[in-house]
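Take a look at the structure set out below.
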Amino acid sequence: MLKTRGLYLLLLIASFFFPYLYGGKIPYMVFHVVLLIPLISFIHVVLVFFRFKYVQDFDRKHIVRGDSVNFIVKFSNEDFFPYPYLTAIFKSEESYFVSLSDRKKFSLAPYSSKTFTFSFKCRYRGTFEIGLERLEIVDFLGLFRLKYKVKSLRNVVVHPKVIPLDDLHMRDGYLSDSQNISRAGFEDMTSIAGIRKYAIGDVFKKIHWKLTAKMD
């Protein structure tokens, strides 16, 4: 950008001395055109700054650990003039999303759009930040650069993977009395299968109080 500004300054000086030395309508017209070009270029880059549109989203709503997900970012130009030089900078946790550390340079023709798709695998559960951090906009002469900073990133919520245990059958004999408390209300307390010493976690309804008092 500094090189471009230097070249324009030399052109401006040359266009100033050209009518000064020779005069005439054409030299003066060239000088005024060169003088007005930066103003037109600045107005153009300001319009792009306020007029460009972007949308970022995931290809699915519910994300589970281990899923492969696509993160989609779409930029649109809804105007009749082009967007010449755009640079999208994405931000993400490098340990989680490695593919978003790159910059994407592109341009948009009138009434066109550009879509970027990032694919990654959710290796961990939790909430992570991802998305467009800022967009750098440069005018067609390369004299001005505006930075559009996004206020907040997108949060991706990765849910833990639920593993069904339908094939894991356990007999009641492997469960302690404390694990069978919920079943105590459905057992027949009048039938006695056996007597043993009290253990921590036993349900009070199962205690043989008369035998306990007799054995002290």
- (1) crowded, with 16+ Cβ neighbours inside 10 Å; (2) of a type in the set (S, T, Y); (3) modelled with pLDDT of 85 or more: which one isn't true of S92, the others all being true? (3)
- Query: When residues of the range 58-77 are filtered for being more than 30 Å from L143 (Cα to Cα) and either free of Cβ contacts under 8 Å to residues at least 40 places away in the same chain or not assigned by TED's automatic domain parsing to the domain that holds K151 (or both), how many remain?
  - Reply: 3
- Search result, residues across the range 51-81 that are modelled with pLDDT under 90 and exposed (fewer than 13 other Cβ atoms within 10 Å of the Cβ): D59, R60, K61, H62, S68, N70
- Item | Matching residues, the range 140-165, being of a type outside the set (D, E, K, R), surrounded by 11 or more Cβ atoms within 10 Å (Cβ to Cβ), farther than 30 Å from F42 by Cα and at pLDDT below 85 | V156
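The values are calculated or read from the model by the stated rules, or taken from the named source; none is laboratory data. Keep in mind that what you see is a predicted model, and the values were worked out from it rather than measured. Neighbour counts run over all protein chains shown; Cβ positions are idealised from the backbone, glycine included.
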